[in-house]
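First up is the structure itself, then whatever we jot down about it.
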Amino acid sequence: MSELLQPGTEVDVTITYLRMDTRPTYDRPSLPLGPPTALIAADTPPVWYFLSLYSAVGGAYEWTDKLNESENSVRSFLHDPQVTLYTLIRSGWPAGFFLLDTRTPEVCELSYFGLVPEVVGTGLGTYLLQTAVHSGWDRPGVSVLTVETCTLDHPRALALYQKAGYVPIDQRITTRVLTRARRAQPEAKG
């Protein structure tokens, strides 16, 4: 079992930047079977709604940047006409979300993506990511999709992005002070 790191511990973090230069060859996925499911784009969502999703999905992965921004800054970002928040609703409650950002000409950034802990490992992640990719390519003028992930994210995040068609183009190592206890990531074997 790996070491339990305490809040306040400084850790090394590898950020991987990925891009996709062509629309994928896989079809847009159908809604998953099972309980009632819907994907809904939000129109000028309230800051509290976004931050609730952001915390529910990213809390275990040290997503804290938006929590440290002013409410006006987050609202300005969310309400930009080139930014769209999509919520995955399953059994009547939010199961995950993604956010597309096309404020940079020709680029669609998958700024945020993830599932709440209760549905991780159910197969909804593949559906949601493939839908996000197709939605990004559907935006007018887009010629490249980008996303970034890091070693604090879910251990399968990088592989999931690559399976969806993203290709790593760069990496950067930085440090981060943990805000909550978490298990140390096992050392990569090579």
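What follows draws every value from the coordinates through simple rules; no lab data is involved. Treat the numbers as computed from the prediction; the structure is a model and nothing was measured. All Cβ positions, even for glycine, are placed from backbone atoms using ideal geometry, and neighbour counts span all protein chains on display.
Just checking the listed ones, Gly34, Gly123, Gly96: in the Gaussian network model of the chain with Cα springs under 10 Å, the one fluctuating most is Gly34. Here's the picture: a label point sits 7 Å out from the Cα of Ser91 along the beta-carbon direction, and within region 110-136 the residues with their amide nitrogen under 14 Å of it are 116-124.
Summarising the label geometry, the points placed 7 Å from Cα in the beta-carbon direction at His79 and Ser55 lie 2.2 nm from one another.
Of the GluC sites (Glu not before Pro) found in region 48-110, those that fall in a DSSP loop while having at most 15 other beta-carbon atoms within 10 Å are Glu69, Glu106. Kirkwood's formula applied to the C-alpha pairs of the chain gives a hydrodynamic radius of 17.5 angstrom.
Working from label points 7 Å from Cα in the Cα-to-Cβ sense, the Val13 to Thr25 distance is 3.6 nm. For helix 47-58, what angle does its Cα long axis make with the longest principal axis of the chain, in degrees from 0 to 90 and rounded to 10? The answer is roughly 50 degrees.
Oblate is the label for region 118-162, because the ratio a/c of its alpha-carbon gyration tensor axes (a ≥ b ≥ c) is 1.5 or higher and a/b is not greater than b/c.
A Förster radius of 25 Å combined with the Cβ-Cβ distance from Arg176 to Val120 puts the calculated FRET efficiency at roughly 0.70.
A viscosity of 0.890 mPa s and a temperature of 25 °C, combined with the Kirkwood radius over Cα pairs in Stokes-Einstein, give a translational diffusion coefficient for region 15-61 of 167 µm²/s.
With springs only between Cα atoms under 10 Å apart, run a GNM on the chain and tell me which of Thr22, Thr151, Thr84 wobbles the most. Maximum among the listed residues: Thr22.
Note on Leu67 and Val144: their simple-model spin labels are 3.3 nm apart, each label 7 Å out from Cα toward Cβ.
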